[in-house]
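Below is one structure, written out as structure tokens, with a few remarks after it.
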Amino acid sequence: MRSLLFTYLFLILPTFLLGNSNPVQDEITFEMKLSKEKLGVNERLRVEFTMNKDGDNFNPPNFNGFKVIMGPSQSISSSWVNGKRSFSKSYGYILTPTATGSFQIGQATIEIDGKTYKTVPKKVQITAAVANPNAPKTADDIADENLHLIAEVSKANPYLNEAVTVVYKLYISPSVSVTNFRPLDSPKYNNFWSQDIPVKRYDTKNTTYDGKPFRSVILKRVVLYPQKSGKLNIEPLALEVYVDVPTNRRDFFGGKIFKQAKKTVSAGRRTLNVKNLPEAGKPVDFGGAVGDFDFSVTTSKSSLNASESLQARVEVTGKGNLKLFQLPKPELPSALEVYEPEFDESVRTTISGMDGKVANNYTVVPSFRGKYPIPSISFSYFNPKTGKYNTLNSDEIIISVMEGPEDKNATIATNPSNQKIIVPTGKQFHFIKVQPNLKAIGTSYFFGSNKFYLMLFGPLLLIPLFILLYRKRKEKEQDVVGNKVKKANRLARKYLSTAKKELGNEANFYIALEKALHNYLKAKLKIETSEFSKEKITSLLTGKKVDQTTTENFINLLKNCELARYSPFTDVQMQQDYDKASEVISQIDKQL
């Protein structure tokens, strides 16, 4: 009896100690799980209410639209893992639908440690009867239920030329995983000015979809500016998605076996109701600018001399459709020569629209001395946030021309509202001198000059130089050994030029090196080396009286080219093989 008691204590004592070692309980959960969220009227639905701690006074919901054919069935599981207790208790029901339509299974309640916990209601869609109600769900069925591609539009009723952001998000259930995807059909965005915002990284985010936990990832972002009022359609984006769906089978180590499904998902067509810009209060000079802007007219100089130039800059900065309207033009006096403007643009498109500045730079050249005004000009735009038009006016700028000819025919016309200098055209260049006062240049004779004697005796002085060069050339031709070495080195560089360009790129380098070695033998020995093995190449080189060391080095280089396909080679090894190949080709060429 004592031995039995000792054995019993020995078995239960570790469990008791482990149980007391982790008295802190996890957060209490109580949730409802459905076997299906969409089923035929002739199918069955299993509903489970699970909790991670035992409770009392369980109250199921009213199963409106369903008939309970089994339940509640109760199951309890408890285990110890690494000294931590895991507990689960569930109440299960088997239901059959009584009609088609959308039904909601309400809240269930239970009391745990004196507190009442409730489940979240869930909706179930009941369709017409299915052909095989007892058939299990396929991988494609599960993928359909757990993938959703949504196009989120920032504004459904924008103004004409107002920025609209479209974000395409893929919602993925935690029960499946996406391995890859590719676009099938991209939207054309007719009647929109569009700009893609690149997605540099696909980051997943935990969120909810239709009240259920999902993960979302942004696949595409685009900014649109509607160019037409009325109802405009945004074509759908379609993707082919590869999904890993878990099965009920497990591998040798107990892990779940997944099955891959290929599904096509579409974001669906979206419609925008684009409002036209209001006619009330529209300025006469309105050019189509929509957004929030600042306007300025500046000059690089306020005083200069005649025939010098200055830069007049008309600039609009802010946020809006900066690339979709014309800048106003300044009205300058005729005495100021104005060239065609140079357009300057610094605009970036972000997820909220275009932001930056656009400007026209005018080069202005005055012809006469005096003071010339650049009158104030106006710029009008529509602000979609306030729904009103705004008009901005630049300051009047006076240009002072300090030095230069005076136009005696210029008159000043004054009116009650403004003063402008009016200069008649046709005499802007009358101050240019037409009498150049040319002077005769000195005369000199060619015969008897230094240049004459240099050209006469110069060729005679070059004769010794030609003789010296001729002798050097003869000496080089008589150096047979040196010429052979130079020729061999040039041949090596010729065949190894491609390999040298690929140094550092292992795969391409050794492919080029192998081709160089084979092409060299093919050109030198008039053979097709692709038909020979290394043994035959060895025999052939030996028969041509190439020494054994050079032959072995050549074969070792071919072996390295083959090994590079399976083993990594460092940059140092590649440089060594390149130098060795150059040396081997030179040695073979000299010996042959």
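The values are calculated or read from the model by the stated rules, or taken from the named source; none is laboratory data. Nothing here was measured: the structure is a model prediction, and the numbers come from that model. Cβ atoms come from the backbone with ideal geometry, glycine included; neighbour counts cover every protein chain shown. SASA here: full protein model, heavy atoms, side chains in, ligands and nucleic acids out. Shrake-Rupley method; radii C 1.70, N 1.55, O 1.52, S 1.80 Å.
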### Task
Go through segment 345-372 and give me each residue that's under 28 Å from residue 291 (Cβ atoms), of a type outside the set (Ser, Thr, Tyr) and open to solvent by 60 Å² or more (accessible area, probe 1.4 Å).
345, 348, 351, 357
### Summary
Within segment 561-575, residues part of a helix (DSSP H, G or I) and either buried (at least 20 other Cβ atoms within 10 Å of the Cβ) or over 40 Å from the mean Cα position of the chain (by Cα) (or both) come out as 561, 574
#### Entry: Residues of segment 111-129 classified as hydrophobic (A, V, I, L, M, F, W, C) and open to solvent by 80 Å² or more (accessible area, probe 1.4 Å), total
1
### Message
Could you check segment 373-390 and list, in sequence order, the residues that are under 40 Å from the mean Cα position of the chain (by Cα) and either loosely packed, with under 13 Cβ neighbours inside 10 Å or farther than 29 Å from residue 276 by Cβ (or both)?
### Response
385, 386, 387, 388
### Summary
By my count, strands (runs of 3 or more DSSP E) wholly in segment 224-337 with at least 1 residues that are among the small types (Gly, Ala, Ser) are 230-234, 238-250, 256-266, 291-299, 310-320
### Message
Tell me whether segment 205-216 contains one or more residues that are surrounded by 17 or more Cβ atoms within 10 Å (Cβ to Cβ), at pLDDT 90 or above, part of a strand (DSSP E or B) and of a type in the set (Gly, Ala, Ser).
### Response
yes
### Query
Which of the strands (runs of 3 or more DSSP E) contained wholly in segment 57-128 include at least 3 residues that are of a type in the set (A, V, I, L, M, F, W, C)?
66-81, 84-97
### Task
State whether the residues of segment 354-365 include one that is closer than 17 Å to residue 384 by Cβ and touching a strand residue (DSSP E or B) at 6+ places or on another chain (Cβ under 7 Å).
yes
### Message
Checking the condition closer than 25 Å to residue 319 by Cα and aliphatic (A, V, I, L, M), which residue from 199, 178 passes?
### Response
199
### Scope segment 38-64; condition open to solvent by less than 70 Å² (accessible area, probe 1.4 Å) and in contact with a Leu (Cβ under 9 Å, 6 or more places away or on another chain); matching residues
39, 45, 47, 48, 63
### Query
Here are 338, 358: which of them is hydrophobic (A, V, I, L, M, F, W, C), within 25 Å of residue 286 (Cβ to Cβ) and at pLDDT below 95?
338
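Identify, please: which residue in segment 165-180 is at pLDDT below 90 and crowded, with 18+ Cβ neighbours inside 10 Å and is, among those, farthest from residue 321 (Cα to Cα)?
So in segment 165-180, the residues at pLDDT below 90 come out as 173-180.
Now narrow it down to the ones that are crowded, with 18+ Cβ neighbours inside 10 Å: 173, 176, 178.
Numbers: 173: 39, 176: 42, 178: 38 Å.
Looking at the filtered set, the residue picked out is 176.
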#### Entry: Evaluation of residue 248 against (1) within 19 Å of residue 147 (Cβ to Cβ); (2) open to solvent by 50 Å² or more (accessible area, probe 1.4 Å) (one fails), failing number
(1)
### Task
Any residue in segment 58-87 that's of a type in the set (D, E, K, R): show its pairings with residues that are part of a loop (DSSP other than H, G, I, E, B) and modelled with pLDDT under 85 at Cβ separation under 9 Å, as long as the two are six or more apart or on different chains.
84/22; 84/26; 85/22; 85/25
### Task
Kindly list the number of the only condition in (1) within 41 Å of the chain's Cα centre (by Cα); (2) open to solvent by less than 70 Å² (accessible area, probe 1.4 Å); (3) modelled with pLDDT under 85 that fails for residue 151.
(3)
### Query
Within the bounds of segment 22-30, is there any residue that is farther than 29 Å from residue 66 by Cα, open to solvent by 70 Å² or more (accessible area, probe 1.4 Å), at pLDDT below 50 and assigned to a helix (DSSP H, G or I)?
no
### Query
When the residues of segment 383-428 are filtered to those that are in a strand (DSSP E or B) and within 17 Å of residue 315 (Cα to Cα), which remaining residue is modelled with the lowest pLDDT?
397
